[in-house]
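Beneath this line is the structure, given in structure tokens, with notes to follow.
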Amino acid sequence: MSEESPQAIRAEALESILIEKGLLTAKAVDDVIALYSERVGPLNGARLVARAWVDPQFKKQLLTDATSIVESLGFEGGQVEKLVVVENTDKVHNAVVCTLCSCYPWAVLGLPPKWYKDPAYRSRIVMEPRQVLAEMGVGLGSNVEIQVWDSSAEIRYMVLPMRPPGTQNLKEEQLAELVTRDSMIGVEVLVGVEVPGEAS
């Protein structure tokens, strides 16, 4: 899944032409990338996850109506007009895909990774989710049910990962630092994370 998709190649070619013709600057492109890397995206999602881990009432609201919560927080980036958050447990593991294109909640996850848009991921995660997750480093027991959620233009999904063990003494801000974009897509499990100040 490491090869660039035809869409990515076209996007890069279009960017080059627009810059060459003076209709776009490299700085403008860099500014947009910085926006989605630093002020939009995974940091926002991580804040939601960490708060849900420490605040049961917030967690209930997030799982019931994530759209309203995100709207009230005013996250930049869009693509969360209808956001649904699904919870990983020791019995159910969730993963997110967009089988038709690359629908993705930018405001809470930032820029979609290249593999998310790759046709191989988009088709295989639906047909053989356990194998694809294993290839991505997520080994799940046969007793764990896997649910794959297909994002669309109408609804986008985000995973609430399980809180790593041994983090009960961490503050909300510290917990947010443990959350990764991939764990909120459901292709990473936050297990064995080295907790600051604790012996391994």
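The values are calculated or read from the model by the stated rules, or taken from the named source; none is laboratory data. If you're wondering where the values come from, they're calculated on a predicted model, not measured in any experiment. With ideal geometry, Cβ positions are generated from the backbone for all residues, glycine too; neighbour counts draw on all protein chains shown. The protein model used for the area step is the full one, side chains on, heavy atoms only, and it has no ligands, DNA or RNA in it. Shrake-Rupley method; radii C 1.70, N 1.55, O 1.52, S 1.80 Å.
Once backbone amide H atoms are built at 1.01 Å from N, HIS93 has GLU145, ILE146, GLN147 as its partners under 5 Å, excluding neighbours fewer than 5 places away on the same chain.
Rounded to the nearest 20, the Cβ-based charge dipole of the range 109-181 about its Cα centre (Lys and Arg +1, Asp and Glu -1) stands at 140 debye.
Under 30 Å Cα-Cα from LYS171, which lysines qualify once same-chain neighbours fewer than 8 residues away are excluded? Straight-distance partners of LYS171: LYS59, LYS60, LYS82, LYS91.
In the range 101-200, what trypsin sites (Lys or Arg not before Pro) fall in a loop by DSSP, with at most 13 other Cβ atoms inside 10 Å?
Working: sites: LYS114, LYS117, ARG122, ARG124, ARG130, ARG156, LYS171, ARG181; in loops: LYS171.
Listed in order of number, the matching sites are LYS171.
Evaluated on the range 48-200, the Kirkwood hydrodynamic radius is 16.0 Å, with distances taken between all distinct Cα atoms. Solvent exposure of the range 63-200 amounts to 51 Å² per residue of accessible area, where only protein heavy atoms count and the probe is 1.4 Å.
Put ILE146, ILE17 in order of accessible area, largest first, 1.4 Å probe: what do you get?
On the way: ILE146 35, ILE17 85 Å².
Heavy-atom accessible area, descending, gives ILE17, ILE146.
With θ taken as phi - 60° and the Karplus curve 6.51 cos²θ - 1.76 cosθ + 1.60 applied, the whole-hertz 3J(HN,Hα) list for the range 142-154 is 5, 7, 8, 7, 10, 10, 10, 9, 9, 5, 9, 5, 8 Hz, x standing for glycine and proline. How many percent of the accessible area of the range 78-158 is carbon or sulfur, using a 1.4 Å probe? After summing per-atom areas, the C and S share lands at 55 percent.
Please work out how much length the chain gains when fully extended from ALA120 to GLN168, using 0.36 nm per residue of separation minus the C-alpha to C-alpha distance, in nm with one decimal. Intermediate results must be reported in sequence, preceding the final value.
Working: separation 48, 0.36 × 48 = 17.28 nm, distance 3.80 nm.
Working it through step by step, the gained length comes to 13.5 nm.
For the range 79-158, report the convex hull volume of the alpha-carbon atoms normalised per residue, in Å³, without decimals.
Working: hull volume 7.1 nm³, N = 80.
About 89 Å³ per residue, rounded to a whole number.
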